[in-house]
Each structure stands twice: as C-alpha cells, then as structure tokens.
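Just so it is clear, none of the values below were taken in a lab; they were calculated from the coordinates. What you see is a predicted model; the values in this text were computed from it and never measured. Positions of Cβ are generated from backbone atoms using ideal geometry, with glycine treated the same way; all protein chains shown enter the neighbour counts.
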Amino acid sequence: MRSLTGRLVATAVALVAAASLLIGGATILAMRASLTNQLDAQVRSSVARAAPDPDHDEAADHRPPGGGGLRLADIGNQGPGTLIALFGTTAYPPVILGEERGDVSLLDTETSARLEQVPADGRVHSVEVTDQPRYRVIAVDSPSGRLVTGLPTRNVTQAVASLVLWEALLTTAGIVIAALAGLALVRRQLRPLREVAATAHEVAELPLATGEIDLSPRVPDHLTDERTEVGQVGAALNSLLSHVESSLAARHRSEQQVRQFVADASHELRTPLATINGYAELARRRPDDESGVRTALDKVEAEAERMTHLVEDLLLLARLDAGRPLASEPVDLSRLLLEAVNDARVLAPDHHWRLDLPEEVLEVTGDEQRLHQVVTNLLTNARKYTPAGTTVAVTARAGLLTVHDDGPGFPADLVDKAFERFARGDAARSRGTEGGAGLGLSLVDAIVSAHRGRVWLRSEPGDTTVTVELPE
C-alpha cells in the first residue's frame, strides 16, 4: 500500500491479528493442557477401582467373552467408555464399557498388543485404539498381572475444537472491526494533514517566476500546534513559506535595483556622451575657429574624464559584488586620515575641518587604496553638500571612524536609502552647486562590507554622522 492511511490501517490490523492469534493459541494450549490433566487424574483414579480378584469363582457372575480373573462385578463404578485390560497369569482381554452395565466391547488383537506394551511406570500414556477415539491409559502391576485402564480423549478434543472455532470467529470479527474502525480513525486523524497538503498545493499553483510575489496562503493557526506531529508539519511549512516569501521579495527588490541601476547608469553616461557629441560636432563645423575648437576639446576631455570616473566606480562596484578579494595588509589609518583631512582643507578652506586621533597609531588590516577611497568619499560628500562655514569633525578610535558635520542634514526620505546606488535627494541633498552620480556612499558601503565591517548613518538638521566600523 502506498498511502499512509492504508499502511497505518494494515499495521493496526496486523497487530490485532497477531495479538489475537497469540492470545487464542495460548488459551487453546492452556485449556488443552488443563483438560488433559483433569482426564489424567480421572485415569489414575479409575485404575484403583478396577481391582482384579484372582480367587473368585469363575462361574460366579458374568465374565466377558474369553475373560478370567476379573469379574464384571469387580469393575465397580467405572463409567461408560472406560477401557480395561489385564495381561498376565489371569488374562482379561481389553474391553470398553458400554452405557448399560454388562455391556462391553471387545477390542481387536492389534489394540491389545499396543496396550500390552504400555509400561507400568505410573505415568499416563496416549494409545491409538482401532475404530475408537484416542485413549489416555495407565498401567499398574498386580498379582494377577499388568492391569491397564484408560479413558477416551473425546471430550477434551471436542472442547478444544469448540474453543478453536470460537477463537477463529472472534479473531475474524476482531480483525474486521479493527480494519473498519482503524480506517475511520486514521482518516479522521489525518484530515489536518490533508489540509496542510492543500495549503502546499495552493502555493504550488501560484506564479513565482517573475514579478512581485504574494505568498499569503498559510496553514491555519489551529494546525500549527507544535505539540502534535501535524502541528509541527504545519508550523514548519509556515516557516518555510515565510522564508520563501522574504527571499522572493528580496529577489524582486534586487531585480528592481538592477533595473534602476542600469537605467541610472545609462542616464549618467548619456549626459557626457551627448555633451561630447555636441562639442565634437561644433568643432567639426567650425574647424577654423581655434579658440572654439580648443574649448570644445577641453569640454570633451572633461566629460570623458567624468565618464571614466563613473565607469571606474561602476566597475569597482561590480567587482565587489562579485566577491573579488581585496588586499589584506597593515594600513596606518592615522596617517591616511591625516592626509585626507589636509587635502580637504586645501579643497574647501571655507569649511572648518577637525581631526581627533588618539596618541597611539591606529592600524587596521585591509586594502589601503580602498580605505583611502572610503575616507575621501566621506569627506568629499561632506564638502560638496554642506554650505561654507560648516564644521566637519573626523574622529577615529580603535576599529571605529566617524565623520560628523553640522550642516542641513540629509532629507528625511533619503536617510534609509543613502547607501543605495544612484541615491540622491533634491539636487543631490541640495547642499551646493556640485552634483554627483550618487555612487559615493554606495562605494563606501561596498568597500567597508568587503572588509567585513559595517557603516551606518544618523542625520537630522544640524547633526549628521556617518559611522564606519572596521575589524582591527
């Protein structure tokens, strides 16, 4: 059977049948042994009642045909069906008593020979009697010879046969009842499992290949009690569906980000390309205007440089996404910060730059060039998008770097996605006239993550802090 219901019912029926057969067999054997013991006790008592009298006148009373030495009167109170035989000096051929007194049946010579071989050991033996039931007999030695007496096993056999019949009927009835009741109970108990399977089938029919996924089907709460086996399956399926739903949602967001990334990159590249094409066309149309050609070439060079930086940033992000390993060597973070802040003072003298370093040299393990890019991007971001007079404080401690400014802060809708690629607020935070592609902070996040660190932002008007945590 392939179904769980069929296997469970078959197992239950097999157990009931096996238990019934074992109990019935043990009962039959015990009853047969008990009845046989009772019969043997009767056989032993009957031998005492069959006392031969060799001195009695053979003419007195009646004797069975060919008898001698044992009168019918000496048989005493033997019941019908009793077997009596005497072998020895005074022979009494084997007979079986009938219903009426004096009514006996003489047994054949073959049976007589078997009875004569019964040992006088005080034990009861089984003997086959021709045309008669099996007998349980016992033999004793007496002055007149060996006396053999016995009783038939007919009553024992009939009682055991009746018990076997009843056992067979009751066992059959028990198996049928167990099969019907087991089928009903198993189906009822497995009904919750079918409901769990129905939920799984419902989810399997949903389109999960593309687009936003809705995995709202869940196993009902009453089938998620983990104290039961079905509840454990239901709870596990709900956990699996929640995990799949979150994974598919993350995949959808990633796909959307990739689409947006491609669109933003195309947009960022389209502007310098259009500028280059325009100035190239201008230079071609006016080749004799040396100042115009020189201006066009300068603009083409500037836009080409801008495109180069953008493509390099995109290439670096792609390499970091692909898991390309970075260099791993000791980096003097104190020197790196000192140089970066000094460069920022030269580029933005109208800002107030502060650097707070501990007395001991700060050193981390990583890629010096990429860490320098992290610091430069953070300072450039603070320089470009804050007004003149803003104070920018750089603080470094073991494994921790913060860049704080008291400028207008990030727009509220940009704080949570500031580290996303091409993330820009109103005209790039509306902090100044310089714009960017929106890759600076995303590069910071990617490089720090590649160093097994993390970066986070806290911003409100007058208080913006970017914190970088790096493993030492």
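Length available on full extension from Thr172 to Asp289: 0.36 nm per residue minus the Cα-Cα distance, which gives 30.7 nm. Phi angles across segment 119-124 convert, under the Karplus curve 6.51 cos²θ - 1.76 cosθ + 1.60 with θ = phi - 60°, into 3J(HN,Hα) values of x, 8, 9, x, 9, 8 Hz, Gly and Pro given as x. Note on Ala33/Arg123: beta-carbon distance plugged into 1/(1 + (r/R0)^6) with R0 of 22 Å gives a FRET efficiency of 0.90.
Estimate the FRET efficiency between Ala318 and Glu339 by the formula 1/(1 + (r/R0)^6), using the beta-carbon distance for r and 30 Å for R0, to the nearest 0.05. Don't skip to the end; give the middle numbers.
On the way: r = 28 Å, r/R0 = 0.94.
The formula returns an efficiency of 0.60 here.
With R₀ fixed at 56 Å, the C-beta to C-beta distance from Ala159 to Gln232 puts the FRET efficiency at about 0.55.
Between Lys417 and Glu281, what is 0.36 nm times their sequence separation minus the Cα-Cα distance? Round to one decimal in nm. Walk me through the numbers before you get to the answer.
Working: separation 136, 0.36 × 136 = 48.96 nm, distance 3.95 nm.
Computed gain between Lys417 and Glu281 is 45.0 nm.
A DSSP coil position with no more than 16 other Cβ atoms inside 10 Å describes the following GluC sites (Glu not before Pro) in segment 81-180: Glu99, Glu100, Glu128. Put a dot 7 Å past the Cα of Leu4, heading toward its Cβ, do the same for Arg354, and the two dots end up 6.7 nm apart.
The length gained on full extension between Asp463 and Thr130, counted as 0.36 nm times the residue separation minus their Cα-Cα distance, comes to 107.8 nm.
Inter-label distance, Arg187 to Ser328: 6.4 nm, where each label sits 7 Å from its Cα along the C-beta direction. Evaluated at q = 0.16, 0.22, 0.23 Å⁻¹, a Debye calculation over the C-alpha positions of segment 109-166 (equal weights, vacuum) places log10 I(q)/I(0) at -0.55, -0.85, -0.89.
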